[in-house]
1. Check segment B:11-20 and report whether any residue there is more than 15 Å from residue B:275 (Cβ to Cβ), in contact with a helix residue (DSSP H, G or I) (Cβ under 6 Å, 6 or more places away or on another chain) and buried (at least 17 other Cβ atoms within 10 Å of the Cβ).
2. Can you run down the residue pairs with Cβ atoms below 8 Å, 6 or more apart or on separate chains, where the first is in segment D:84-99 and within 16 Å of residue D:125 (Cα to Cα) and the partner is surrounded by fewer than 18 Cβ atoms within 10 Å (Cβ to Cβ) and small (Gly, Ala, Ser)?
3. Step by step: first the residues of segment B:5-43, then only those that are in a loop (DSSP other than H, G, I, E, B) and acidic (Asp, Glu), then the one that is nearest to residue B:219 (Cα to Cα). Which residue is that?
4. On the basis of being touching a helix residue (DSSP H, G or I) at 6+ places or on another chain (Cβ under 8 Å), assigned to a loop (DSSP other than H, G, I, E, B), surrounded by fewer than 16 Cβ atoms within 10 Å (Cβ to Cβ) and more than 14 Å from chain A (Cβ to nearest Cβ), does residue C:307 make the cut?
5. Collect the residues in segment B:228-243 that are surrounded by fewer than 24 Cβ atoms within 10 Å (Cβ to Cβ) and in contact with a Leu (Cβ under 6 Å, 6 or more places away or on another chain), keeping them in residue-number order.
6. Name the residue, out of B:211, B:193, that is open to solvent by less than 10 Å² (accessible area, probe 1.4 Å), more than 13 Å from chain A (Cβ to nearest Cβ) and modelled with pLDDT of 95 or more.
7. Quick one: which of B:235, B:220, B:266, B:259 is among the charged types (D, E, K, R), without any contact (Cβ under 8 Å) to a residue 12 or more places away in the chain and more than 11 Å from residue B:200 (Cβ to Cβ)?
8. Among (1) over 16 Å from the mean Cα position of the chain (by Cα); (2) under 20 Å from residue B:134 (Cβ atoms); (3) of a type in the set (A, V, I, L, M, F, W, C), which single condition is residue B:67 missing?
Protein chains: 4
Amino acid sequence: MSSHQKLTGIFTPNLVPLDSRGDINEPELRRYVDWLIERGVHGLYPNGSTGEFTRFTVEERRRIIEIVADQTRNRVPILAGAAEANVKETLKACEYYHSLGVRAVAIVAPFYYKLSPASVYAYFAEIGKHTPIDVTLYNIPLFASPIDVPTVQRLADNFERIVAIKDSSGDIPHMIRMIQAVRPHRPEFAFLTGWDAALMPLLLIGCDGGTNATSGVVPEITRKLYDLTMAGRLEEARQVQYDLLTLFDTMIYSAEFPEGFRAAVELRGFHMGTGRQPLSAEQRTDLSALSNTLQCLLSAQGFTDQPVGGCPVSKQPAVDHEEVGQIVQNVLAELKRRGLA
Amino acid sequence: MSSHQKLTGIFTPNLVPLDSRGDINEPELRRYVDWLIERGVHGLYPNGSTGEFTRFTVEERRRIIEIVADQTRNRVPILAGAAEANVKETLKACEYYHSLGVRAVAIVAPFYYKLSPASVYAYFAEIGKHTPIDVTLYNIPLFASPIDVPTVQRLADNFERIVAIKDSSGDIPHMIRMIQAVRPHRPEFAFLTGWDAALMPLLLIGCDGGTNATSGVVPEITRKLYDLTMAGRLEEARQVQYDLLTLFDTMIYSAEFPEGFRAAVELRGFHMGTGRQPLSAEQRTDLSALSNTLQCLLSAQGFTDQPVGGCPVSKQPAVDHEEVGQIVQNVLAELKRRGLA
Amino acid sequence: MSSHQKLTGIFTPNLVPLDSRGDINEPELRRYVDWLIERGVHGLYPNGSTGEFTRFTVEERRRIIEIVADQTRNRVPILAGAAEANVKETLKACEYYHSLGVRAVAIVAPFYYKLSPASVYAYFAEIGKHTPIDVTLYNIPLFASPIDVPTVQRLADNFERIVAIKDSSGDIPHMIRMIQAVRPHRPEFAFLTGWDAALMPLLLIGCDGGTNATSGVVPEITRKLYDLTMAGRLEEARQVQYDLLTLFDTMIYSAEFPEGFRAAVELRGFHMGTGRQPLSAEQRTDLSALSNTLQCLLSAQGFTDQPVGGCPVSKQPAVDHEEVGQIVQNVLAELKRRGLA
Amino acid sequence: MSSHQKLTGIFTPNLVPLDSRGDINEPELRRYVDWLIERGVHGLYPNGSTGEFTRFTVEERRRIIEIVADQTRNRVPILAGAAEANVKETLKACEYYHSLGVRAVAIVAPFYYKLSPASVYAYFAEIGKHTPIDVTLYNIPLFASPIDVPTVQRLADNFERIVAIKDSSGDIPHMIRMIQAVRPHRPEFAFLTGWDAALMPLLLIGCDGGTNATSGVVPEITRKLYDLTMAGRLEEARQVQYDLLTLFDTMIYSAEFPEGFRAAVELRGFHMGTGRQPLSAEQRTDLSALSNTLQCLLSAQGFTDQPVGGCPVSKQPAVDHEEVGQIVQNVLAELKRRGLA
């Protein structure tokens, strides 16, 4: 059994600021880490999906953890993303991050290939046997092989070093099934959600916390939602959840993930640089429009000034829905005709 | 604006008992209606998906509403499923059910063909314009064309006879988006969920009630979950939600829908007859095993005796998970090889 | 064993012209039947998906078969869509269509509910046991429960009245697996494809024919593609397949199915009336634009005059692809944000 | 315009033999390269999906190309998989492989994150601008972001170094649409299919060749299918395609990809070692059963002896289909109940 405390609260899956050459901007990353901790996040989660771990080299991923660990100086626990090309390389990362003093690692299920439950189990079992550091399973079926309920149960039953799951499916009955399957025998096993859009209801049905991308942008709000919900102040929590959903939807659906989050962190005063995935001219224009929308949302919450030109009075855009529906239909038809999936 | 009260609480999407010739068993249906009302459901919802509306003829669907309305005698409101082959036929059903005094109709989005939002809007707009009775939209993307958020908003904005939506997607952020889009201008518009697996969290984020198939089997429990949740007794509610999920999963995933529910209602003392979808010999054997499991779940809740032979001590089956995972993998491979889906 | 000949060649899944009141336009339907037969289609297939069978009443579906059978006067075989609300009603339709002298019925797998292979088998087994007329299985996984390879094999092995499958999945390996599983024991069992987009390659790997919606619009071309392919004139066939794909894509993806086909049949000189699924003003405008495009495609093949205003010189539209891609991205993001599945 | 010849014929996406420590088995890889070339494959394709490129380190991927290039000694062209963590790293790989004298690189669309067409275009545009070596786009929508038809067209129009697409979707109309969009302006652009299950029909509608995993196991058969098809000997080709499909299905669906192919190459006489993705005890048992089945299939074609114990007389297994269907239904229900997506 791990001697450590259960993982609870809000862990920020932080982005990595880049400099003008596209390399890690170390001073800005350090400044961002301090800013997040000062605003009350319970922990940090570098090398997650929001942190674009797949777009860095092995060496860069290690450097990111070094910087974050050094800057954090144990003020909050760190959950370090540690997935590498195969079990052997992943275990090397576990060992190294352990030597840096992080609280635990988070390991996404194998991706690219879509593996069966038996293979996902075999993969994590091999890691569970040899890891020197606590492991959080990371289930994100949109991007990687799913980790199903019996697999979580077996891993929890057999490997005490496996101490938590971060689930980004947002599926509430799935979360309940996992809790029912694991908690009776492993009361200290932690259930974290990565789906900000349903953070309040997931906490209410039994989750211990979340690794929420919004907390990298508005740590004050995500933390407030957590506190209100845990205190049972449901009316207030519900309104914060509604607002957080609007912000989350804007960031996640209006640009290629995680560019919307990058744009929003920039608005909070950090130089994020240009992302590693190239963007077209049109995408760059869009991102600038999104930035305006985000600034209005953030200024409505008191976090920034309104953009030059001001903000619309109402949050509800004056959209002609039939027109939008029509455009959508045409474009979908065109998409299909041209052979998109 | 409708002069009626907002639709709230638990509406039972009731099954239809059949007799030995496969026809509607009227006395048993009347007895079932009384039983449900006596156990506290807030309303009835005949001709829903659980009620297998597509497997009855036009004449039978009308007869079902006649019987339920006559037997209910206004003790509780009735939501009558009214979808027919096209707009003209559906409007005829609306008119007839109106003449029978039901509270409202529920109309599923067009199915078989997968329609775009523009077409779904056009379909409901035509109905909204001419219906003499309040209409509940019915969104069940698993079976029918989806009704998206802007479509719900436009229909709510333009047609006062459209007074509610029943959503069976179980998607919580989707429900929040609908509530945000509609409630400011139509505070009396009702949001009902058809997904029992997340009833508690959906009520907590703002739903007004549910049309829940479990309430046809254990009306006492579904009603209790509703009452505890609305009273803010969250610890107790959470445990009831967990138990209800176990029961729901067993009924919905262990047999062809809605045969599991039919078997469970039989255990509560009703003669349900043989369903209209033929079953293989193996499926019939399975259903009998499911019936045993359900009887144990129901007896654990005090609703029936244990089955002959007793029940396992623990709810957790002694399953060798790796073995199950392995079987699953083999079967899926076989499935694919043989060309399924 | 059926005394009839194997089903081969091109069967037209014909649309139903409607009059100004939205009822079946009998004289126009008769004229359309003659026109199709004169242009060389091998058979007719009323009450298919293209024929919008779900949007007619039981009585109307019967009337459609009566008219088509009467007008055809045995010049070509008729495959009559016979799916009704349940097995009993479907068998009644089989009996009636048998009495009208049609060659066979086609029965789609149960829809709305998504059934397992065991249930799909049980459904067709019940029909196979009692049908007085040859049955074609109809697999269209986009709209109805899939009929997998072992189910087709078992049905073919056990019921001699089941004599063919119409498969609209367009999946070539799936078609090969079915042929490998069934043909050795049932050499007269027919394999028909409903996917015009791959008609040539499907014929080349072993299909016997097709039920192709394009043959209701350009029977001359679909028939020509069939003849060239069967004669092994592959270079010519390939070019016709390419052209047919362009036409098919335009009709199927530029409007709600089957409105594009309806518009195209209108261009061939038939009064089709207004479809039963309501359209928005924008959809009607779109349909009129589509009609123009179709007229150009048809005039390029010599079937009609060019529309007033002429046609573009090249078939390749002068599209700014990045712009289109951008619109698409925006709209998809908007779609997701608004909660469309 | 590239000075090289168009890419045509069968390229083998070869597996990498591992030694007892799990490292690259260089002598066996060299022996395997010779064996493939001697059996007539037109080219080699190391670091593809079959070659498990994601499970090797950056350094190992480079070593694999070094070995294959050195051993091939220009006897056949090499298509080298070159995808790395981001554009900069991918371009470094392009440069290095260019220095080794390979014919072209193949680059899969970005994976893990699911990118929009605009982003996929921007990614390949950046590569197309700076690559010193010909590039083959690699579309495998099952594993990576899809490359849609207008994106292929724009890339082909704008970057002469982009000379081919390898498409593993198996979607025939999609392939036709790509050919229609690109070939008029870029007649030397090559269309290769990665979907062995439909190789013959894809060649017949216009493909130039394939990168087919079966050619790493039975190069004689895949090559024969190519030759028969290109020669228009359709009857013979069809039978070979049928047999190849049976073999392909067995390898791809009976074990975690690409373990079935690894087992089959072992049967052809190579020491493949243990794959890098851990397997459970049950999976290892299964693989051994699969190996037996494969040996029977290969011996039926004359490539190996029958396994000890012999082979079944007929290829059709004596399966009770209803029983299988039943097991499947039960397992799927269990799967869903336990929360597997």
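1. Scanning segment B:11-20 turns up at least one residue that is more than 15 Å from residue B:275 (Cβ to Cβ), in contact with a helix residue (DSSP H, G or I) (Cβ under 6 Å, 6 or more places away or on another chain) and buried (at least 17 other Cβ atoms within 10 Å of the Cβ).
2. D:88/A:22
3. Selected residue: B:19.
4. Spelling it out, it is not the case that residue C:307 is touching a helix residue (DSSP H, G or I) at 6+ places or on another chain (Cβ under 8 Å), assigned to a loop (DSSP other than H, G, I, E, B), surrounded by fewer than 16 Cβ atoms within 10 Å (Cβ to Cβ) and more than 14 Å from chain A (Cβ to nearest Cβ).
5. Of segment B:228-243, the ones surrounded by fewer than 24 Cβ atoms within 10 Å (Cβ to Cβ) are B:228-236, B:238-240, B:242-243.
Those that are surrounded by fewer than 24 Cβ atoms within 10 Å (Cβ to Cβ) and in contact with a Leu (Cβ under 6 Å, 6 or more places away or on another chain): B:229, B:236, B:240.
6. B:211
7. Values: B:220 fails: without any contact (Cβ under 8 Å) to a residue 12 or more places away in the chain; B:266 fails: without any contact (Cβ under 8 Å) to a residue 12 or more places away in the chain; B:259 fails: without any contact (Cβ under 8 Å) to a residue 12 or more places away in the chain.
The unique qualifying residue is B:235.
8. It is condition (2) that residue B:67 fails.
The values are calculated or read from the model by the stated rules, or taken from the named source; none is laboratory data. Treat the numbers as computed from the prediction; the structure is a model and nothing was measured. Cβ coordinates were reconstructed from backbone atoms using ideal geometry, including for glycine residues, and neighbour counts include every protein chain displayed. With ligands, DNA and RNA removed, areas are computed over all heavy atoms of the protein, side chains included. Shrake-Rupley method; radii C 1.70, N 1.55, O 1.52, S 1.80 Å.
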